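K.L.:
Got a structure for you, written out below as structure tokens; questions coming shortly.
The values are calculated or read from the model by the stated rules, or taken from the named source; none is laboratory data. Bear in mind the structure is a predicted one, so any value in this text is a computation, not a measurement. With ideal geometry, Cβ positions are generated from the backbone for all residues, glycine too; neighbour counts draw on all protein chains shown. In case anyone asks, the SASA skips ligands and DNA or RNA and just uses the protein heavy atoms, side chains included. Shrake-Rupley method; radii C 1.70, N 1.55, O 1.52, S 1.80 Å.
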Amino acid sequence: MIIGVVIGICVLLAILGFLVPRLSNHARRGSDKGFSAGQRAGSKAPGPIGRLLSKSFGKSQSAADKSHSAGKSAREKLPF
């Protein structure tokens, strides 16, 4: 279920980055705050579980940022 949510966020950020690039920065920052909060909470778990949870939220955050930048760069490549 969490994987589906992360995929949904990535798709939404890519679409927003393509349609409204300036306004999509607010959505990206909001998702970054959510992933950062999950990363901080996951890092407080003991042992290797904490590292695994922290790493997974970090990877999700970087995937969301990449999809946002991909949407914005696709918009810039349009001929008009």
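K.L.:
With angles folded into 0 to 90 degrees, how steeply does helix 24-43 sit against the dominant principal axis of the chain? Use alpha carbons for both and round to 10.
P.N.:
Approximately 10 degrees, to the nearest ten.
K.L.:
So, one more: Dipole magnitude of the chain about its Cα centre, charges +1 at Lys/Arg Cβ and -1 at Asp/Glu Cβ only, in debye to the nearest 20?
P.N.:
With Lys and Arg at +1 and Asp and Glu at -1, about 180 debye.
K.L.:
Now a separate question. Tell me, what is the per residue accessible area of the chain in Å², probe radius 1.4 Å?
P.N.:
On a per-residue basis, the chain sits at 70 Å².
K.L.:
Spin-label point model (7 Å from Cα, Cβ direction): what's the residue 37 to residue 20 distance in nm?
P.N.:
For residue 37 paired with residue 20, the spin-label model returns 2.2 nm.
K.L.:
Within the chain, what is the number of lysine pairs with alpha carbons under 25 Å apart, leaving out pairs fewer than eight places apart on the same chain?
P.N.:
Step by step, the pairs that qualify in the chain add up to 10.
K.L.:
Which whole-number percent is the relative contact order of the chain (Cα, under 8 Å, 6+ apart)?
P.N.:
Value for the chain: 43 percent.
K.L.:
Tell me the carbon and sulfur percent of the accessible area for the chain, rounded to whole percent, probe radius 1.4 Å.
P.N.:
Of all accessible area on the chain, carbon and sulfur atoms account for 68 percent.
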